[in-house]
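Q: First the structure, then my questions, so here it is.
The values are calculated or read from the model by the stated rules, or taken from the named source; none is laboratory data. None of these values were measured; they are calculated from a predicted model. Cβ sites come from the backbone with ideal geometry, for glycine too, and all protein chains shown count toward neighbours.
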């Protein structure tokens, strides 16, 4: 299982930064209010239905994933997304203000191995941002592209004096993305830690007390038995 990977997806950084800084649209508070302290805000650029006020990226129904009105002000970002030849599920700008923290959490089923990948493109950041994937500190620099296994525990603290803004793209894994990953610098979860992590996810899913949670937990459990 991949913990994180640095991908080679070129970014026209100066153009993207200029567009993001010039945006005048209001940023909406992130919906996971229990998961952070301070200000963590979202500006949707492509989401199911194309609603510019939609901060939840999940496609609950069967809506088409469309650009929001805000994407028109970000042609360099639109150009970047056009170079990604895989199904795009959402494109968002996420801002973590100076002094804010995102508490340790997991985004269940969001991983390369489960067929979906979350990619981070740091647009504006600083050296005092601490992004932890499990217990490992990951330094993401402006203009880079990083995959993080969001199914694993991760957290962020912006200890700098400036805001951190990432372009975050959720996409489906296909042949093109597999080729990109094949050439990436990847970090893997050790087998023993992977099993322990899976057991923790199973426990969390069962604590939800839902049919879906129980079904997913059983699937993961069956997977452990076949290893």
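Q: I'd like the residue in segment 135-152 that is touching a strand residue (DSSP E or B) at 6+ places or on another chain (Cβ under 7 Å) and surrounded by fewer than 15 Cβ atoms within 10 Å (Cβ to Cβ) and, out of all such residues, is farthest from residue 196 (Cα to Cα).
A: Top of the filtered list is 141.
Q: Any residue at all in segment 171-182 that's part of a loop (DSSP other than H, G, I, E, B), touching a residue at least 40 places away in the same chain (Cβ under 8 Å), buried (at least 19 other Cβ atoms within 10 Å of the Cβ) and under 12 Å from the mean Cα position of the chain (by Cα)? Break it down stepwise before answering.
A: Going through segment 171-182, the residues part of a loop (DSSP other than H, G, I, E, B) turn out to be 173-174.
Going one step further and asking which of them are touching a residue at least 40 places away in the same chain (Cβ under 8 Å), we end up with 173-174.
Subset that is buried (at least 19 other Cβ atoms within 10 Å of the Cβ): none.
No, segment 171-182 has no match at all.
Q: I need the full set of residues from segment 1-26 which are at pLDDT below 95, in contact with a helix residue (DSSP H, G or I) (Cβ under 7 Å, 6 or more places away or on another chain) and closer than 30 Å to residue 220 by Cβ, in order please.
A: Hits for segment 1-26 are 1, 2.
Q: Now for a different question. When you look at residue 132, is it touching a helix residue (DSSP H, G or I) at 6+ places or on another chain (Cβ under 8 Å) and either surrounded by 18 or more Cβ atoms within 10 Å (Cβ to Cβ) or not in a loop (DSSP other than H, G, I, E, B) (or both), yes or no?
A: no
Q: Let me ask something additional. How many of the residues making up segment 193-214 are surrounded by 13 or more Cβ atoms within 10 Å (Cβ to Cβ) and either part of a loop (DSSP other than H, G, I, E, B) or touching a helix residue (DSSP H, G or I) at 6+ places or on another chain (Cβ under 6 Å) (or both)?
A: Of the residues in segment 193-214, 6 are surrounded by 13 or more Cβ atoms within 10 Å (Cβ to Cβ) and either part of a loop (DSSP other than H, G, I, E, B) or touching a helix residue (DSSP H, G or I) at 6+ places or on another chain (Cβ under 6 Å) (or both).
Q: Now for a different question. Starting from segment 131-142, take each residue that is on the phi > 0 side of the Ramachandran plot and list its partners that are buried (at least 18 other Cβ atoms within 10 Å of the Cβ) and at pLDDT below 95, counting only C-beta distances under 6 angstrom and pairs at least six apart or across chains.
A: Correct list of pairs: 134/152.
Q: Could you please find all residues in segment 77-101 being part of a helix (DSSP H, G or I) and either closer than 18 Å to residue 47 by Cβ or not assigned by TED's automatic domain parsing to the domain that holds residue 53 (or both)?
A: First, the residues of segment 77-101 that are part of a helix (DSSP H, G or I): 77-82.
Passing the criteria: 77, 78, 80, 81, 82.
Q: Look through segment 33-76, keep the residues that are part of a loop (DSSP other than H, G, I, E, B) and in contact with a helix residue (DSSP H, G or I) (Cβ under 6 Å, 6 or more places away or on another chain), and return whichever of them is modelled with the highest pLDDT. Please lay out each step first, then the result.
A: In the first step, residues of segment 33-76 are kept if they are part of a loop (DSSP other than H, G, I, E, B); the result is 38-39, 49-64, 68, 74.
Adding the requirement that they be in contact with a helix residue (DSSP H, G or I) (Cβ under 6 Å, 6 or more places away or on another chain) leaves 52, 74.
Working: 52: 84, 74: 97.
This residue is 74.
Q: In this structure, does residue 118 turn out to be part of a loop (DSSP other than H, G, I, E, B), in contact with a strand residue (DSSP E or B) (Cβ under 9 Å, 6 or more places away or on another chain) and either surrounded by fewer than 13 Cβ atoms within 10 Å (Cβ to Cβ) or in the same structural domain as residue 77 (by TED's automatic domain parsing) (or both)?
A: Details: part of a loop (DSSP other than H, G, I, E, B): no; in contact with a strand residue (DSSP E or B) (Cβ under 9 Å, 6 or more places away or on another chain): yes; either surrounded by fewer than 13 Cβ atoms within 10 Å (Cβ to Cβ) or in the same structural domain as residue 77 (by TED's automatic domain parsing) (or both): yes.
Considered against the rule, which asks whether it is part of a loop (DSSP other than H, G, I, E, B), in contact with a strand residue (DSSP E or B) (Cβ under 9 Å, 6 or more places away or on another chain) and either surrounded by fewer than 13 Cβ atoms within 10 Å (Cβ to Cβ) or in the same structural domain as residue 77 (by TED's automatic domain parsing) (or both), residue 118 comes out as no.
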